[in-house]
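The values are calculated or read from the model by the stated rules, or taken from the named source; none is laboratory data. The model shown is predicted, which means the values in this text are computed figures rather than measured ones. Cβ atoms come from the backbone with ideal geometry, glycine included; neighbour counts cover every protein chain shown. For the accessible areas, the whole protein counts, side chains as well, though only heavy atoms, and no ligand, DNA or RNA atoms are used. Shrake-Rupley method; radii C 1.70, N 1.55, O 1.52, S 1.80 Å.
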Amino acid sequence: MTIMDHLPDRFREQLTSAPLFCCRTDLLLDGSFGEQWMAVTEEAITVWEQEDRPKAKFSVLTLSDARVSGGIGGGSLIIETYEGPVVLARYTAALASMFGFAAKLIGALAKQEELPVISERDLPRYCPTCGHPLGEGTQVCQFCMNKGKAAARVLRYAKPYKRQMATAAFLLILTTLIELVPPYITKLIIDDVLQPKAAGSALLIFVVALGVTTVLMAVMQTVRGYIGIWVGSKLMGDIRGDIYGSLMRLSLAYFDRRQTSQFIGRVNSDAESMRQFLTDGVIYVTGELLRIVAISVIIFSLDWQLSLLALLPVPFMIVASVTIWPKVGRRLYQQWRSIFRLNTMVGESMQGIRVVKAFGRENEEMSRYDGANAEVVRNNIKTEGLWQFIFPAFHLIAGIGTLLIWYYGGGKVLGNEIQLGVLMALVAYLGMLFGPLQWVSQMVNWASNAIAAAHRIFEIMDTPSEVPDADRPAPLGKIQGSVVFEGVTYGYEKHHPVLKGVSLRVQAGEMIGLVGHSGAGKSTFINLLCRFYDTDEGSILIDGVPIRQISQSDLRRQIGVVLQETFLFDGSIADNIAYSKPDATPEEIMRAAKIANAHDFIVRLPDGYDTKVGERGHKLSGGEKQRVAIARAIIHDPRILILDEATASVDTETERQIQEAISRLVKGRTTFAIAHRLSTLRNADRLVVLDRGKIVEVGTHEQLLEKTDGVYRKLVDAQQEMSQIRGVSV
Amino acid sequence: MEQQFDIRMLMKTEIALTRNKGGVLQGMVCGKRHEELIVYRCFPFQYESSYLSIRDAKDVELGIVRDIGELDPESAAELEKELQLRYFLPKVTRVDRVKNKSGLWLWELQTHLGPTRLAMRNLHEHIQYPGGGRIILTDLNGKRCEITDWQALDSHSRKQLEEIV
């Protein structure tokens with residue numbers, strides 16, 4: 001498979017040399033949808049629209065550079081000619097990375113630099129069978145792969161319990177068959193005992209038989225019900241576990257863009273819908289189907305003409321169910337979405353409850369809620385209202401069948417063509433037959449609910465991690481800790497890069513201070529090193545191995561992080577320190593705490609290391625939490641250490657203690673530290689100054705201070721000014 | 001600090017926009033000639049043709065145009081065109097079909113810029129409702145389309161949308 005679009009022959013013929021690169025746009029220059037072709041050769045860039053004649057041609061010699069100008073939802077490729085900039089092509093967001101490469105290629109040609117090599121990542125890839133975009137790092141189209149419909153995937157969950165399910169099904173068949181016996185016995189009683197008035201042992205025998213079947217049915221229903229609950233609960237557990245597992249596997253970027261409180265509801269309620277379908281639904285549906293077949297056989301053998309008459313409405317009911325099905329599914333999804341919006345809103349205002357209260361916006365929040373609430377009510381009425389219509393309609397249709405039986409059957413009995421018992425049995429069987437048919441609508445409801453839930457669940461499960469592990473990850477023993485950034489570009493929103501072409505070589509054991517205004521890209525730098533996100537361009541190497549080829553668990557084992565926002569989990573201090581090393585001995589924990597300057601304050605707590613911290617536990621101060629976090633990093637014993645504003649928001653004395661702890665921690669480790677107070681970075685080997693996503697200065701504190709109009713110098717001056725205002729020294 | 005901390009509103013006389021041969025927006029802003037200008041909408045959803053940030057090629061803001069109607073006709077036309085190009089947001093004129101195929105929502109749309117197709121993994125994360133009957137559709141690749149007022153579309157389109165929005 002060629003990774004470039006295939007240039008049509010009529011255009012290819014016009015080129016004098018082999019194209020280096022060619023591609024197709026999806027927009028015309030005036031911004032409307034359309035196709036335009038572009039080919040880049042060593043000498044020139046040619047652009048065609050529909051006609052054979054090129055629309056534009058630029059000799060490479062007339063160009064000085066090329067770049068992309070990213071718009072919203074699209075962008076344009078601009079070349080710098082000696083007569084000013086020229087828009088060469090426009091495209092929608094789908095093609096942005098391809099044109100990013102095109103710009104680099106043309107730029108390199110114009111400046112006579114080494115030509116960049118195209119990688120598959122630069123090109124949009126589409127599934128050959130269905131034409132949908134392919135995810136990064138995968139060749140399998142997830143939409144084609146999932147063709148094995150949601151229902152089939154749901155059923156796969158039942159597999160481990162097939163023996164129990166089979167028993168339940170077997171019992172179900174038995175109950176269904178036994179259920180068919182009483183009407184037949186009734187028929188026998190009427191025709192053989194009551195009508196001929198032939199008293200005797202026959203009546204007793206029939207009544208006993210009736211009793212036995214009733215008892216048997218009760219017993220089997222109980223057993224089946226129990227199995228159903230057992231399998232159902234197990235299934236629920238499995239599904240929930242899988243969803244949670246998928247959530248944990250997803251990359252940070254996935255959660256950045258979503259409200260997290262929604263997942264609580266999704267894990268539980270969607271799993272419940274699926275369970276209901278699997279246990280009640282599947283068993284119920286098979287049971288009812290079986291019953292329909294059995295009843296049909298019996299009534300046809302009793303009197304086929306009457307049966308045909310009675311079954312007249314059945315096709316209508318089936319047609320109705322089939323046409324209603326998709327409508328129901330969409331309405332249910334619509335309803336779900338309005339509830340989803342409502343829940344998101346509640347989650348949001350609860351998380352921000354302090355802000356809501358502080359600004360006194362309770363009433364506005366309430367009216368916002370009311371709006372969403374009204375929407376839910378409206379959708380609820382719409383969806384549930386549909387049922388209220390369907391149910392009586394089905395009832396009515398079914399009723400017609402019974403009426404027909406009574407009329408024609410009654411006539412037959414009067415004409416002595418059939419016996420009364422047969423008519424009674426027919427009516428009873430028909431009642432049993434139309435029962436389930438009416439419930440078809442209920443089953444539609446269940447199944448649509450479950451399928452909708454399944455879609456949402458599988459959507460989470462199928463979302464590819466944006467930082468996929470390599471197929472065959474490079475083994476990584478104890479690393480040295482050298483880190484190399486090579487032309488790294490990354491943006492949280494693709495094509496709005498936060499880091500632009502950052503290159504940096506860091507020796508093992510070196511301490512690097514990252515400095516810059518907020519928004520300069522310091523945290524992004526660190527996020528990329530941890531591989532919370534993957535670079536858009538360029539690569540990061542640890543000990544010469546690209547981090548994409550290192551398995552993530554291996555990578556994280558080598559990296560320790562102390563963040564600005566310390567998060568302590570629900571549990572004891574000891575648990576939190578030993579988070580990354582659950583088998584740590586008490587001595588190890590204490591040693592780590594000691595190095596982190598945390599040992600003393602912990603011991604002084606009434607519950608010592610067993611003090612509960614986290615959401616509901618003991619409230620530690622910011623500085624104390626910070627030191628626990630440092631202890632956590634120490635016990636992890638990483639080769640690469642990341643400190644992100646580890647000393648922000650603490651007082652000077654605490655900062656000194658933390659500083660002490662950190663200076664012990666960084667010894668012999670490659671360290672990246674971000675700090676707002678530049679004084680904290682004094683012992684860094686080198687400072688890297690970032691500005692608007694680019695490295696602008698690198699050097700020691702002293703070297704950088706010498707540059708009078710350097711960015712670092714300005715930052716230091718500004719801080720000094722600030723601290724003079726506050727009356728404290730830096 | 002040499003930065004200005006006030007929003008600079010551009011008067012009609014301070015800004016004149018043209019387009020060079022290569023199709024790049026350029027012009028005079030506050031008496032200075034710029035080979036390339038970039039335009040942002042400050043409130044892309046609320047105000048389509050007001051509060052437009054005019055920036056130079058280095059992305060430094062030169063000023064804000066309060067309303068496109070305040071400019072001279074030529075500048076206004078060029079600005080309007082540039083916004084159209086930069087904010088690629090086709091307006092949906094008709095919804096041909098919305099179908100759900102193997103877990104993917106496929107939209108077939110007619111827009112004022114031509115027909116297009118969108119693919120969404122679900123509806124709850126790809127549709128925005130900025131208010132009124134307005135709907136912004138974003139597909140898997142970040143391609144966006146706008147429905148200005150879905151109630152105002154033809155009956156076929158409304159029927160397609162009824163169970164979606």
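Jot down the radius of gyration and Dmax of region A:150-462, Cα atoms only, both in angstrom.
25.8, 89
Return the calculated 222 nm mean residue ellipticity for the protein assembly as shown, to the nearest 500 deg cm²/dmol, obtained by summing -39500 (n - 2.57) across DSSP H runs with n ≥ 4 and dividing by the residue count.
Value at 222 nm, helices only: -14500 deg cm²/dmol.
Plugging the Kirkwood radius over Cα pairs into Stokes-Einstein for region A:271-428, at a temperature of 10 °C and a viscosity of 1.306 mPa s, what D comes out in µm²/s?
Value of D from the Cα-based Kirkwood radius: 78 µm²/s.
With only alpha-carbon pairs counted, each pair once and no self-pairs, how large is the Kirkwood hydrodynamic radius of region A:666-730 in angstroms?
One over the average 1/r among Cα pairs gives 12.8 Å for region A:666-730.
Mind listing the long-range amide H neighbours of B:Arg19? Cut-off is under 5 Å, sequence gap 5 or more, other chains count too, H placed in the peptide plane at 1.01 Å from N.
B:Gln26
Would you mind getting the Kirkwood hydrodynamic radius of region B:10-165 from its Cα pairs, rounded to one decimal in Å?
Hydrodynamic radius (Kirkwood, Cα pairs) of region B:10-165 is 17.3 Å.
Can you give the accessible area buried between chains B and A, summed over both chains, with a 1.4 Å probe, in Å² to the nearest 100?
The contact between A and B buries close to 3800 Å².
Quick one: what are the phi-derived ³J(HN,Hα) couplings along region A:675-687, Karplus 6.51/-1.76/1.60 with θ = phi - 60°, whole Hz, x for glycine and proline?
Each residue of region A:675-687 in turn: 8, 7, 6, 5, 4, 5, 9, 4, 8, 5, 5, 9, 10 Hz.
Kindly identify region A:240-324 as rounded, prolate or oblate by the Cα gyration tensor criterion: order the square roots of the eigenvalues as a ≥ b ≥ c, call it rounded if a/c is under 1.5, otherwise compare a/b with b/c, prolate if a/b is larger, else oblate.
The shape class here is prolate.
Convert each backbone phi in region A:458-474 into a coupling constant with the Karplus relation 6.51 cos²θ - 1.76 cosθ + 1.60 (shift: θ = phi - 60°), then list the ³J(HN,Hα) values in order as whole Hz, x for Gly and Pro.
For region A:458-474, the Karplus curve yields 5, 4, 5, 5, 8, 4, x, 5, 6, 10, x, 6, 5, 4, 10, x, 5 Hz.
Please give the helix A:96-110 orientation as an angle from the longest Cα principal axis of chain A, in degrees from 0 to 90, rounded to the nearest 10.
30
Quick one: P(r) of region B:12-86 from all Cα-Cα pairs, 10 Å bins, percents rounded to integers, in order of increasing distance.
Whole-percent P(r) values from 0 Å outward: 21, 62, 17, 0.
Please turn the phi angles of region B:55-70 into ³J(HN,Hα) values with the Karplus equation 6.51 cos²θ - 1.76 cosθ + 1.60 (θ = phi - 60°), one per residue in order, whole Hz, x for glycine and proline.
These are the phi-based 3J(HN,Hα) values: 10, 7, 4, 8, 6, 9, 6, 8, x, 10, 8, 5, 8, 4, x, 6 Hz.
Per-residue Cβ counts within 10 Å, from other chains only, averaged over B:122-131: what number is that?
3
For a Förster distance of 56 Å, can you work out the FRET efficiency between the beta-carbons of A:Asn380 and A:Leu204, rounded to the nearest 0.05?
0.55
Do me a favour and compute the ellipsoid semi-axes for region B:92-162 from its Cα gyration tensor, root of five times each eigenvalue, largest one first, whole Å.
With the √(5λ) rule applied to region B:92-162, the semi-axes are 17, 14, 12 Å.
So between A:Val355 and A:Thr16, what do we pick up on full extension, going 0.36 nm a residue minus the alpha carbon distance?
Length gained, A:Val355 through A:Thr16: 115.4 nm.
Quick one: which residues, 5 or more positions from A:Ala673 or on another chain, have an amide H under 5 Å from its amide H? H modelled 1.01 Å from N in the peptide plane, none for Pro or chain starts.
A:Ile512, A:Gly513, A:Leu514, A:Leu643
Considering only protein heavy atoms, what is the solvent-accessible area of B:Arg94 at a probe of 1.4 Å, reported in Å² to the nearest 10?
For B:Arg94, solvent-accessible area is about 90 Å².
Where does each of A:13-23, A:533-543, A:228-238 land if you order them by average Cβ count within 10 Å, highest first?
Those peptides, ordered most packed to least, come out A:533-543, A:228-238, A:13-23.
When 1/r is averaged over all different Cα pairs and the result inverted, which Kirkwood radius in Å belongs to region A:320-386?
Evaluated over region A:320-386, this radius sits at 13.4 Å.
Hey, if we sort B:Ile7, A:Ile339, A:Ile189, A:Ile239 by accessible area with the 1.4 Å probe, largest down, what's the order?
So, going from the largest accessible area down, we get B:Ile7, A:Ile339, A:Ile189, A:Ile239.
Assigning unit charges at the beta carbon (Lys, Arg +1; Asp, Glu -1) and nothing else, what dipole magnitude in debye, to the nearest 20, does region A:642-698 show about its Cα centre?
260
For region A:461-500, which GluC sites (Glu not before Pro) are in a loop by DSSP, counting at most 12 other Cβ atoms within 10 Å?
Within region A:461-500, the qualifying GluC sites (Glu not before Pro) (loop, at most 12 other Cβ atoms within 10 Å) are A:Glu493.
Within the set A:Lys522/B:Lys32; A:Lys57/B:Lys81; A:Lys57/A:Lys111; A:Lys694/B:Lys81; A:Lys581/A:Lys694, which residue pairs have Cα atoms separated by over 28 Å?
With Cα atoms farther than 28 Å apart: A:Lys522/B:Lys32; A:Lys694/B:Lys81; A:Lys581/A:Lys694.
How large is the dipole of region B:12-86 about the Cα centre if only Lys and Arg carry +1 and Asp and Glu carry -1, each at its Cβ, rounded to the nearest 20 debye?
Charge dipole, region B:12-86, about its Cα centre: 160 debye, nearest 20.
Going from the alpha-carbon gyration tensor of region A:483-726, what semi-axes, largest first and in whole Å, does one get by taking the root of 5 times each eigenvalue?
With the √(5λ) rule applied to region A:483-726, the semi-axes are 31, 23, 15 Å.
Taking the Cα centre as origin and putting +1 on Lys and Arg beta-carbons and -1 on Asp and Glu beta-carbons, what dipole magnitude results for the protein assembly as shown, to the nearest 20 debye?
About 1980 debye.
Under 12 Å Cα-Cα from A:Lys382, which aspartates and glutamates qualify once same-chain neighbours fewer than 8 residues away are excluded?
B:Glu162, B:Glu163
So for chain A, averaging the separation of alpha carbon pairs under 8 Å that are six or more residues apart and normalising by length, what relative contact order in percent results?
The value is 9 percent.
Long-range amide H contacts for A:Ile78: which residues qualify at under 5 Å (H placed 1.01 Å from N, peptide plane, sequence gap of 5 or more or a different chain)?
A:Arg67, A:Val68, A:Ser69, A:Leu88
With a Cα-only, solvent-free Debye model of the protein assembly as shown, what are the log10 I(q)/I(0) values at q = 0.06 Å⁻¹?
Once normalised to I(0) and log-transformed, intensities are -0.60.
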